[in-house]
1. What are the ³J(HN,Hα) values, in whole Hz, obtained from phi via the Karplus relation 6.51 cos²θ - 1.76 cosθ + 1.60 with θ = phi - 60°, for each residue of the stretch 98-103 in sequence order, with x given for Gly and Pro?
2. State, as an integer percentage, the relative contact order of the stretch 1-150 based on alpha-carbon contacts under 8 Å between residues 6 or more apart.
3. May I ask you to derive the FRET efficiency for Q180 and K109 from their Cβ-Cβ distance with R0 = 51 Å, giving the value to the nearest 0.05?
4. Hey, for a label at A27 modelled as a point 7 Å past Cα toward Cβ, could you say which residues of the stretch 60-88 have their backbone N under 19 Å away?
5. With n ≥ 4 as the cut-off for DSSP H runs, can you work out [θ] at 222 nm for the chain, using -39500 (n - 2.57) per run divided by the number of residues, rounded to the nearest 500?
6. Please say if the stretch 213-257 is rounded, prolate or oblate, where rounded means a/c under 1.5 for a ≥ b ≥ c the square roots of the C-alpha gyration tensor eigenvalues, and otherwise the choice is prolate for a/b larger than b/c and oblate otherwise?
7. Mind checking which lysines have their Cα closer than 21 Å to the Cα of K8? Skip sequence neighbours fewer than 8 apart in that chain.
8. So for the pair K124, K238, with labels modelled 7 Å out along Cα→Cβ, what separation do we get in nm?
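What follows is calculated from the coordinates using simple rules that are stated; it is not laboratory data. Computed from a predicted structure; not experimentally measured. Note that each Cβ is placed from the backbone with ideal geometry, even for glycine, and that neighbours are counted across all protein chains shown.
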Amino acid sequence: MSIPPLYKLKEIASILRSEHGCAWDKAQTSDTLKPYLIEEAYEVYQAIENGNTENLKEELGDLLYQVYAHAQLASEQNIFDIDDVASGIIEKLIRRHPHVFGNETAKDKYEVIDRWEKIKKKEKEDGQSMLNGVPVHLPALLKAYRVQQKVSRVGFDWEHIQDVVVKLHEEVNEFKDALQNNKESREALKEEIGDILFTIVNIARHVEVNPEEALQHTVSKFITRFQHIEKRLHEMNKDITQTSLQELDVLWEESKSK
């Protein structure tokens, strides 16, 4: 009888760390593996964006191994193992889905989210902030989005998106004032720019757009259009550093039509 793949992966993670395993794997700690965990997660993200199912399967495997590797390290210290990890998430999913595994009902996704947050709040120690669960190292736009989502679920939110747009204009005006009055104060400008970005995230949240994804899309679009400019200049045997802004603008408009 063949070993189920997940158990085989557990065995491989153990072998790689064993006396006769891999020197690189044996040298790792959870701390040294942190960058790879983030990298693999982003590669999964990219595979989803590209719509490549074979690549997605491969990248999910790489990410899954990171989970097993961290669990193996903990197992060697008798802290927990991969089965404890699986048991923990199973219990949590059942506990936080009483409308699926219990007798409660939920009419839509918003009620599900509201109940999820209430259950999480009950799980926390008395006096613990509901924002403690937001990872410190999340990308800033996504972190702002998650913070705003959480506080909005307890009623701390703008009632109408139009009010947030008014707030954006207010923040832009404050930036203009800071720019005019404190040209040498980078801290003042940084604070005002942060306020503008935070407000834009609020606007995105109100229209159910993930700001991280929106900006990623815009950056990708910019890269594609700029690469068109580079290609066209190469075809014309022109140096981009010696090309006027007016000529670059013409090529930029050309790239948009493509």
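1. After applying 6.51 cos²θ - 1.76 cosθ + 1.60, I find x, 7, 10, 9, x, 9 Hz.
2. Contact order relative to length: 14 percent.
3. 0.65
4. 69-70, 73
5. -24000 deg cm²/dmol
6. Judged from the Cα gyration tensor, the stretch 213-257 comes out prolate (a/c at least 1.5, a/b above b/c).
7. Those lysines meeting the cut-off are K26, K57.
8. The two pseudo-label positions are separated by 5.7 nm.
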